[in-house]
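Written below as structure tokens is the structure these notes are about.
FYI, it's all coordinate maths here, none of it is from the lab. If you're wondering where the values come from, they're calculated on a predicted model, not measured in any experiment. Note that we place each Cβ from the backbone using ideal geometry, even for glycine, and neighbour counts take in every protein chain shown.
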Amino acid sequence: MKQGFFSALYQSSASIDYLLGKKRKFMNLGISDNPSVEIKSTDSEDAHHISLYMKLLDLAPNIHENTKNISALEIGCGRGGGCYVMKNYYSISDITAVDLSSANIRLAKRFVPEAKFIVSDAVEFKTDKKFDLILNLESSHRYSSRLTFFKNVASMMKEDGSFVFGDMIRKNELQEVEKMMNESGLKIIKVETVNKSIVQSIEQHSKKQYPLATRFPGLFPRRLHSFFVTIHSRAYNRLKSGDVLYNLYLLRKN
Ligand SMILES: C[S@@+](CC[C@H](N)C(=O)[O-])C[C@H]1O[C@@H](n2cnc3c(N)ncnc32)[C@H](O)[C@@H]1O
């Protein structure tokens, strides 16, 4: 039920943006940290979203070297923002990307036409191709089974491949989630909790991004605040208090 409501919101907001010709290609909360690669002036509005992707991608060893030969898979690619960063800031050209929302994929194809896009549920998606790099950002908290998802990811990684994973995880579920990674044949190589910089990013951008919802919070149902993670949402408060952790991981095969 909860999954259906949020899936419908992803689908309808992307369809509206497609019809209106809107150019929004990122859906993550962004981060206030400085980017590791200089951001082009044409991307300055998206700097906080791009910086979050960079922070995640930079966990992968040697990511800035020899990227032309890397094969990358992004699961939960949204509107193609991550693919855009991989292509334009890391020169990765072999990109496959998956999302549940066909409307998001339709937008993503506009931004990165060279990538191979697939509409699929992350929990069901599997392919025989093995990847050097698998990416998943701010998407898995809506999956029906993180365990199955992690197992599928492990099956699609090259032996020396990297899985960079970032998401919100309830503090009281952290042990269980990390146990699932382990049970899936994945080993945690690095983990970083970035709540402070994510909370700063929400505070810096929420008003501009959601002017009505931040000025007149009472007019919008709680679930909409949650979906957009505005400064009036429970998700924002939980990230601020630390009840929910925003963790970035580098995982490799066991
Ligand atoms: C908050 S957005 C993040 C998108 C992108 N990673 C970004 O940072 O811009 C979450 C994405 O996960 C996708 N998603 C949610 N449930 C999914 C599932 N079960 N399988 C695949 N994608 C899913 C949504 O359609 C949405 O595009």
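Tally Lys/Arg at +1 and Asp/Glu at -1 over every other residue whose Cβ is under 15 Å from the Cβ of residue 37; what's the total?
It works out to a net charge of -3.
Less than 11 Å Cβ to Cβ from residue 179, Lys/Arg counted +1 and Asp/Glu -1: what total charge do the surrounding residues give?
-3
State whether the stretch 132-200 is rounded, prolate or oblate according to the following rule on the C-alpha gyration tensor (a ≥ b ≥ c being the square roots of its eigenvalues): a/c under 1.5 gives rounded; otherwise a/b larger than b/c gives prolate, and the remaining case gives oblate.
Cα axes put the stretch 132-200 in the prolate bin.
What distance in nm separates the two pseudo spin-label positions at residue 200 and residue 144, each 7 Å out from Cα along the beta-carbon direction?
Output for this residue pair reads 4.0 nm.
Summarise the long-distance tail of P(r) for the stretch 152-254 by giving the % of C-alpha pairs beyond 22 Å.
43
Could you tell me the center-to-center distance, by alpha carbons, between the stretch 61-118 and the stretch 137-168 in angstrom?
Their Cα centres are 16 Å away from one another.
What number comes out for the charge environment of residue 62, summing +1 per Lys or Arg and -1 per Asp or Glu over other residues with Cβ under 12 Å away?
-4
Pull out a ≥ b ≥ c, the square roots of the eigenvalues of the alpha-carbon gyration tensor of the stretch 89-164, then state rounded if a/c is under 1.5, prolate if not and a/b is larger than b/c, and oblate in the remaining case.
oblate
Kindly rank 139-150, 184-195 from highest to lowest mean number of other beta carbons found within 10 Å of each residue.
In descending order of packing, they fall as 139-150, 184-195.
Highest mean first, what order results for 199-206, 94-101, 27-34 on Cβ atoms within 10 Å?
Answer by packing, highest mean first, reads 94-101, 27-34, 199-206.
At most 13 other Cβ atoms within 10 Å and a DSSP loop assignment: could you name the GluC sites (Glu not before Pro) in the stretch 13-99 that fit?
Passing sites in the stretch 13-99 are 38, 65.
What FRET efficiency comes out for residue 129 versus residue 208 if R0 is 35 angstrom and r is the Cβ-Cβ distance? Round to the nearest 0.05.
Efficiency computed from Cβ-Cβ geometry: 0.30.
Run the numbers for residue 121 and residue 175: contour at 0.36 nm per residue of separation, minus the present Cα-Cα distance, in nm.
Separation in residues times 0.36 nm, less the Cα-Cα distance, equals 17.0 nm.
Would you mind computing, in nm to one decimal, how far apart the modelled labels at residue 188 and residue 37 are, each placed 7 Å from Cα along Cα→Cβ?
2.8
Mind giving me the nanometre distance, one decimal, between the label points for residue 9 and residue 159, set 7 Å out from Cα along Cα→Cβ?
Computed distance between label sites residue 9 and residue 159 equals 4.5 nm.
For the stretch 103-159, which GluC sites (Glu not before Pro) pass both filters: DSSP loop (anything but H, G, I, E, B) and at most 14 other C-beta atoms within 10 Å?
Those that pass, being in a loop and sparsely packed, are 114, 124.
Using alpha-carbon pairs under 8 Å, 6+ residues apart, how would you state the relative contact order of the stretch 135-246 in percent?
Normalised by residue count, the contact order of the stretch 135-246 is 29 percent.
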